[in-house]
Amino acid sequence: MNLKKYFVRALHRLQKGPGYTYKELLVWYCDNTNTHGPKRIIKEGPKKKLIWFFLTLLFASLVFWQWGILINTYLSYNVTSSLSIGFKTMKFPAVTVCNANPFKYSEVKHLLKELDRLIEAALERILQPTPGNSSENASPPLDLGLWHQIPLVLIDEHDKDNPIILDIFESNQTALGNETAGGNQTAVGNETAAGNQTCSHQGSDNCTYRNFTSAAQAVTEWYILQSTSILSKVPLQERIRMGYQAEDMILACLYGAEPCNYKNFTQIYHPDHGNCYIFNWGMDEEALNSSNPGAEFGLKLILDISQQDYIPYLSSAAGARLMLHQQKSFPFLKDQGIYAMAGTETSIGVLVDELERMGYPYSDCTMNGSDVPVKNLYSQYNTSYSIQACLRSCFQNHMIEICGCGHYMFPLPEAVNYCNNEDNPGWAYCYSSLRSSIRHRQICIDSCKETCNDTQYKMTISMADWPSEASEDWIFHILSYERDMSTNVTLDRNGIIKLNIYFQEYNYRTISESAATTIVWLLSSLGGQFGFWMGGSVLCLIEFGEIIIDSLWITIINVISWCKGLKQKRVQARYPDAPPTVSELVEAHTNLGFQHEDAGALPRDEALPPEPGTPPPNYDSLRVQPLDVLGPDSDAE
């Protein structure tokens, strides 16, 4: 019962309102607030009152302006980077080693036989362009099927405005007009330049011409395109068999004081380099720790790259390709790897940088790639997310969507095949157009994200000839015997590489991000500006909020009163006369009964009851009003 009374009193208090007007509320606030300016407006004379009003308005505007700048700075979520140096026992990085040549030429020669004959004849035409100087008539006829799909052409740019395309195996010439040419056109001075021509389909004028400053570059790119089409049809296991095997490539291994061999490496197939071998990848076993810094406590390898079995037109560089990376991450050697030269001992000193980025909203990084809209095709290797994997997966997805097949250099999703000239005649044109498309490239850049935590390995590389002339005889004898069980020397300086990989020191650098502005900084900055310009505090803001609430309260009460008054005016307009009193109603009822007696009543059996809804006689003259609108004078009468 007491609770009901409390709510009733509270309702009456709300209906009553603060009890004062807007002017009284404003005067009360200026007289009682702790902010300095408004008090002077009330207490000073007319002239000073105007001056203080202007100053108060000016400084209040400055406060709101400064507040806007501070809030905008806070919402920009800027970060600051800090560098710290630590010392601890660190995990040895994963080391991936590959041969610069992906396949043994002796294993793939039967697949590339026609392509090699074709490129040899093309080189002869390039070097001896005069008809009749070549010796191709003595050799078997060439299979020009591959040539017509992706021809290698000469672009004569003596006339810059009207360059002419010269097909190497045809006598006809084609003018390179703006309606059929695409890509970059670069001439070698005023001489003839070589280029690749890719068309949407054979015989089409919708072609892309990729020009090169040297015929050596053009031949290499053309050979890679053609060999990609051929090798894409070879099963994966067969490609692995045609590559360099671990027992043939890794001759010796030593980690710290512990011996190791090729069985301590994990084999993966890399499209660019064939069979690659990863030490300390951390997939099946725990990652190894380095006990001490220095060359004596690192990884030592002796590799045989068998340079004499290189594919002549596919691999122009000889050596080993290696990369240091984190455990359980895929090695992208084409972008982040380094070469080790044959006949040398390469020492690689490693320093570690750990990067720690702040996530959303401070940066658009990802922890594990789960919030990236691109399907990671490298997840089939059970590796962690990286932006390189995302960019390549995005390109492959676009390739499949637009060209209808996947590129040989990237992993494939299920139910999709690699591109080749037989099943996809226009794939090279589609691939070239997609690779040069800035729009598709930007889509992938916008879709992929950097990882929030990353480890980078900074390398200091030094090299020396190995083995020396004085020791090469016995070293090659021992290595040849250990690999081939032969007393004859089967190794030479052109195929042997020695690697030393170690931590230079155990100091590691951590580059971490922290928020440049926090909520504490924002509140202190807002309070500082308010106190400096207006001499206020948090209590002053509470007082200002109080008068805003009271102003809204008064406004609501006034609106309700105005609505009630409007309703009463509408009722009065509907019933302009005063409502009848009780005595007038009784008198009217009596007169109505007398009128019935004078008229005579019908016999009881002839009187009919009125129909439902029929008003009584003389209803309009009674003017009976609703009881809720009867005035207080009705009871008095």
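The values are calculated or read from the model by the stated rules, or taken from the named source; none is laboratory data. Computed from a prediction, not measured in an experiment: that's the story for all the values here. For neighbour counting, all protein chains shown are included, and Cβ atoms are generated from backbone atoms with ideal geometry for every residue, glycine included. These accessible areas exclude ligands, DNA and RNA; they are computed on the full protein's heavy atoms, side chains included. Shrake-Rupley method; radii C 1.70, N 1.55, O 1.52, S 1.80 Å.
I want the local charge near Glu107. Using Cβ-Cβ distances under 15 Å, sum +1 for each Lys or Arg and -1 for each Asp or Glu among the other residues. Before the final figure, lay out the partial values.
Numbers: positive: Lys104, Lys109, Lys113, Arg239, Arg241; negative: Asp116, Glu238, Asp248, Asp309.
Local charge sum for Glu107: +1.
Coupling constants for the stretch 78-89 follow from the phi torsions by the Karplus curve (6.51 cos²θ - 1.76 cosθ + 1.60, θ = phi - 60°), and in residue order they are 6, 10, 10, 9, 10, 10, 10, 10, x, 9, 6, 6 Hz; glycine and proline get x. Each residue of the stretch 23-39 was assigned a 3J(HN,Hα) from its phi angle through the Karplus expression (A = 6.51, B = -1.76, C = 1.60, θ = phi - 60°), giving 5, 4, 5, 5, 5, 5, 5, 5, 7, 10, 6, 8, 6, 6, x, x, 4 Hz with x at Gly and Pro. For Ser329, the residues whose amide H sits under 5 Å from its own are Ser384, ignoring neighbours fewer than 5 places away on the same chain, with H placed 1.01 Å from N. Could you tell me the center-to-center distance, by alpha carbons, between the stretch 558-572 and the stretch 56-113 in angstrom? Result: 67 Å between the Cα centres. Residues in the stretch 366-448 average 50 Å² of solvent-accessible surface per residue, probe 1.4 Å, ligands and nucleic acids excluded. Between the amide H of Val79 and those of Ala516, distances stay under 5 Å, these residues lying 5 or more places away or on another chain, with hydrogens modeled in the peptide plane.
Solvent-accessible surface (1.4 Å probe) assigned to Glu238 amounts to roughly 70 Å².
For Phe503, the residues whose modelled amide H falls within less than 5 Å of its own, excluding neighbours fewer than 5 places apart on the same chain, are Gly294, Val350. In this rough spin-label picture, where each label sits 7 Å from Cα along the Cβ direction, the Ala470-Trp521 distance is 6.3 nm. For Asp309, the solvent-accessible surface with a 1.4 Å probe is about 30 Å², rounded to the nearest 10. Partners of Lys113 within straight-line reach, counting lysines whose Cα lies under 19 Å from its Cα and excluding those fewer than 8 residues away in the same chain: Lys104, Lys233. Backbone phi angles across the stretch 320-337, fed through the Karplus curve with coefficients 6.51, -1.76 and 1.60 (θ = phi - 60°), yield HN-Hα couplings of 10, 9, 9, 8, 9, 8, 6, 5, 6, 10, 7, x, 9, 5, 5, 9, 10, x Hz in residue order; Gly and Pro are listed as x. Note on the stretch 366-448: Kirkwood radius taken over Cα pairs, Stokes-Einstein applied at 37 °C and 0.692 mPa s, translational D equal to 248 µm² s⁻¹.
With K and R counted +1 and D and E -1, the other residues having a Cβ less than 14 Å from that of Ser363 yield a net charge of -4.
Each peptide among 110-122, 528-540 gets the average number of other Cβ atoms lying within 10 Å of its residues, and from highest to lowest they stand as 110-122, 528-540.
With only Lys, Arg, Asp and Glu charged, each at its Cβ (+1 for the first two, -1 for the last two), find how big the charge dipole of the stretch 366-448 is about the Cα centre; round to the nearest 20 debye. Can you show the working numbers first?
Working: 5 positive and 6 negative charges, 54 e Å.
In total the dipole reaches around 260 debye.
Residues Met283, Met341, Met399, sorted by accessible area with the largest first, give Met341, Met283, Met399 [1.4 Å probe; ligands and nucleic acids excluded]. The listed residues Lys449, Lys88 rank as Lys88, Lys449 when sorted by accessible area, largest first, using a 1.4 Å probe.
Rolling a 1.4 angstrom probe over the stretch 366-448 with all protein chains present gives an accessible area of which 50% lies on carbon and sulfur atoms.
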